[in-house]
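Read through the structure below, which is laid out as structure tokens, and then see the notes.
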Amino acid sequence: KFRLGHFTQSPSPLRDTIAFEAAEKFSSEQPFFKVIVGKQSSVLRLPNDFVKSHIDQKVQTVTLKVGNRSWLVKLLRSSSGYFLSGGFSKFARQTSLSPGDVCIYELTERNQVVLKVSIFRFTVVT
């Protein structure tokens, strides 16, 4: 079973955070990928291998779920990869994502493409 367990972006200073350490311990039977939130939060680039292995290429909308809340987000395909765009900035704003937070996107439903999002908040280890 394919799991993309590494971080799509992992600047070394952010490796010494509680969020990074907690996310490193995450495991699931479902396919997932991890992302460290950067300054840009209006789009999210998805790992190409993850999309090609788990998401039907015809899908145009993805549901992001945090707890009992959900957001519909557009999945865009471009020559440089796959992105969550339209609706992603609203998701980022309403979940208060900040640079350094770590998000794990776990595919919980393939047909409707639902990604359960686990958010680990940025905190520096002292």
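The values are calculated or read from the model by the stated rules, or taken from the named source; none is laboratory data. Since we're looking at a predicted model, the values are computed, not measured. Positions of Cβ are backbone-derived with ideal geometry, glycine not excepted, and every protein chain shown enters the neighbour counts. For accessibility, only protein heavy atoms count, side chains too; no ligands or nucleic acids. Shrake-Rupley method; radii C 1.70, N 1.55, O 1.52, S 1.80 Å.
For this structure, a couple of remarks:
- Among the residues of this structure, SER98 does not count as one that is over 22 Å from PHE122 (Cβ atoms), polar (S, T, N, Q) and either open to solvent by less than 20 Å² (accessible area, probe 1.4 Å) or modelled with pLDDT under 95 (or both).
- Qualifying residues in region 49-79 (those that are assigned to a loop (DSSP other than H, G, I, E, B) and not basic (Lys, Arg)) - the one least open to solvent (accessible area, probe 1.4 Å): ILE55
- The set of residues from region 1-46 being open to solvent by less than 50 Å² (accessible area, probe 1.4 Å), assigned to a loop (DSSP other than H, G, I, E, B), at pLDDT 50 or above and not polar (S, T, N, Q) comprises PHE26, PRO31, VAL37, GLY38.
- Residue within region 44-58 that is on the phi > 0 side of the Ramachandran plot and either in contact (Cβ under 8 Å) with a residue 40 or more places away in the chain or in contact with a strand residue (DSSP E or B) (Cβ under 8 Å, 6 or more places away or on another chain) (or both) present: no
- Residues in region 80-126 that are over 15 Å from PHE50 (Cα atoms), of a type in the set (A, V, I, L, M, F, W, C) and in a loop (DSSP other than H, G, I, E, B): LEU97, PHE122, VAL125.
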